[in-house]
1. With r defined as the distance between the Cβ atoms of residue B:63 and residue B:597 and R0 fixed at 41 Å, what FRET efficiency is calculated, to the nearest 0.05?
2. Counting other beta carbons within 10 Å of each Cβ, put B:893, B:292 in order, fewest first.
3. When the label point is put 7 Å from the Cα of residue A:61 along its Cα-to-beta-carbon vector, which residues of region A:115-133 have a backbone N closer than 11 Å?
4. Using a simple spin-label model with points 7 Å from Cα along the Cα→Cβ vector, what separation in nm is obtained for residue B:227 and residue B:913?
5. In a solvent-free Debye calculation with one equal scatterer on each Cα, what is log10 I(q)/I(0) for region B:518-647 at q = 0.13 Å⁻¹, listed in the order of the q values?
6. Zone of residue B:96 (label point 7 Å along Cα→Cβ, backbone N under 11 Å): which residues in region B:108-131?
7. Nearest 10 degrees, 0 to 90: what angle lies between the long axis of helix B:10-31 and the longest principal axis of chain B (Cα atoms)?
8. Compute the Cα gyration tensor for region B:611-756, then decide on rounded, prolate or oblate, letting a ≥ b ≥ c be the square roots of its eigenvalues: rounded whenever a/c is under 1.5, prolate when a/b is larger than b/c in the other cases, and oblate in all that remain.
């Protein structure tokens, strides 16, 4: 059967299994395409633009804590000074987040080594410190910080005595 | 409050503000939880009450009603019925304590009849089973000159009242017992032969009268219409001239008396009849009772050698009834007296007698024949004078562990590490042994008293030492109220007695040591009794009578090498005696103050060791009444010696500290005296007993002081009756150093170097009740809140938080006050029913409340004395260091067990699932 098929050349048959492969690599360039110009452009912009973007992005990250300050202030205002579950949770978050961020500074700025890395880290650090201070201020205004002498009253030594007395109503 | 108002959202804030303006403190009272009351199933769990009646005056068996009882009337003006089988009080009526309640006659038939009071006399009939008052009428004598010699008895349904006028006549009146109708007014019988030595053996009135050498024994039936005097020369009966008459005891069935403590004479058919039975002992109590074989003479006395003795003779034959005879050397009844005797007829013709015997130590015993004691009541406990709570010793094992970890001891004993290590192993082996023993012995001896008296983990188990008015000292288990030991000291006059724990049981090789300083009953000289409070045995000085009267006594603060605190005695010549003498060099920085009650003078002495002996030097003297005479000290209150305040100040609303002025040498004196303008004034003065400086004072005009004062920490309170407004008020004071400390924390306070005066806050409140006793709760470190306990005349003990009595309560509260938790000032103190710690167990005539700390900081032990004893424990700040009483141990164990089971089963299932997954 196959012999018959292959041998007979049908008028409408189309053969997909052509033995002779035509190399397709040499397609003509589309009109207006300048290969050399293109190559040149990518080589130059890749170096400068992505770096700029990264720096920009990292500045965003570094300034992030500072940008949070007005938001935090607003949250603090809304939370009020009473001691109940939600304000406590908010204050907790306010403290924990910057502290966490401070500990992960190294990993946050891992990708970048450059002229501005030190500055960015410094700004990031400052921003987080500001946030911590804000949270501490909030704790202070809520009365959570043991800054008064009354907070240490329980640890004080009891008074001792020098003289001792005895006596009472006359037994006579 | 401030916290609440800001935390609640604005919607509620409006409501709250409305409430604030409307009645602010209603909200506050609902916030302060006063629920000191207990649940119904906790009744009797931490508390007990013992009811007493006092020393027996009259007693009679109630044989008519079905439930056998003994009806008693006592010196404490109590009428009560005691259960014959158990001795428990069936019913009890507490009459007035003054002469108006004095019971003159008790007569029991099917009803109980009493005559009480003193002009007007009240004749009352009571139902013997329930004690309900059935009828009452009163009787007024025209002349009450000799009323104290009145004699009363009941004869043929008539109440007979006889009033002898010695050397002149007898006035006899008879009244219908139920109605008080007077049968034939008062008859006057001429009797010039009467004198103070006459005795009544109803209806005969008998005297020994006449001149020396020709004494006559005279008797007169005062109720008969014809005056018939029986008269016989005394020499017929007794040979000696000096003789006295004494009536027979225990409601004897025939009129009779004892002459000269030797012979028994009965009056039969208007004739004297001398019995052939002689009185066995001079002090013997003689009674004539009815028995199956005719009248029987019972005699009882205590012999020094033979102990309690009881003999019985037949009155007609004079033969001894041997079944009744008893001689028990172990039974010590000082001066026994037959109060009531009944001998019933049994089928087997035996003498089944019930004897109610009272003794000089106020104890009451019900005995049967042959001296077997059925029950005993210690009525001396109705008059407790002084109380001391004593810690129990730790068990031997705990003592070993303690000594092991005691630094000094350890340094002495174990020089090397190895010695300490072997000691540790040894102790652990001992621990194991005791554990095994306790597991074994759990079934065999559940309760052994000797091993049971060890300190428990929270030091809640103690021994209460009670000194009673009659001179009997008791040791009582505080958890059960059982009497562990008793010691009778007949010569002790304990008025004003002081009790000192000179050595606690914490020093294992040495036993606890307790000393009672009192007076000798006859001479008034000092009497010192030292005993071991755990066992009740005399130790050390034992019972020591001094040869001088004492002014005051004190305990030395420093212990000697045997951990014994020396006793310092200041006698009336201002000489000092010290026990033991070897402790004299330890006396340093010791001061004694002596207050004279009637002159309101206080004097201070400094005690010094001059190389040979201890001398007292008078350092200051103060007249509390000022220049005016007539002032007297009503109450004085020093701080408890064991008090150590661990809270140095109060935290204010702005979170600053108001430091307390806790001068340990401060003594509060409450005096009252006449005033030219204001009638009476009450002055409360705080005196530093070392320097004699007056630290603070307060005066109340037109008032009379009550002998109630409490003083603890930095506050004090005194109670007075306001004559102007006719109500009881309580004045309170608090002393503060201010917002700055005077001394460093932990520094030693010295009264002699104190130059600044504290800030004093004062206030007064209306107490809407009549208090009889007051005390303040006392905890180990004074960290818990302080509550003041008031025993009210209604029979309740009310626990009132100091927060209500605080003088800093503001009239117009500011937010800062609310922040601090101060209650706004309200003149009247709330006494809610929930604050009654003795719930429905009414306590009659509470005389004092004693408090003691326990090992738990939250808990204070309370004992109220009076006619009843009531013990409980209170937790002023709730039991914050203890699981709740109804804590569900089973549930928590069950839940834990179930969780553990679930964990392990899921582990198993999980591993099986993993295995299956791996095979797929």
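1. Numbers: r = 50 Å, r/R0 = 1.21.
That pair, residue B:63 with residue B:597, gives E of 0.25.
2. Working: B:893 10, B:292 13.
Placing the least packed residue first, the sequence is B:893, B:292.
3. A:121
4. Computed distance between label sites residue B:227 and residue B:913 equals 11.7 nm.
5. -0.67
6. So the set is B:117-122.
7. The angle comes out at about 30 degrees.
8. On the way: a/c = 2.29, a/b = 1.27, b/c = 1.80.
It is oblate, given that a/c is not under 1.5 and a/b is not larger than b/c.
Throughout, read-outs are computed from the coordinates displayed, never taken from laboratory work. Because the structure is predicted, anything quoted here is derived from the model rather than measured. For neighbour counting, all protein chains shown are included, and Cβ atoms are generated from backbone atoms with ideal geometry for every residue, glycine included.
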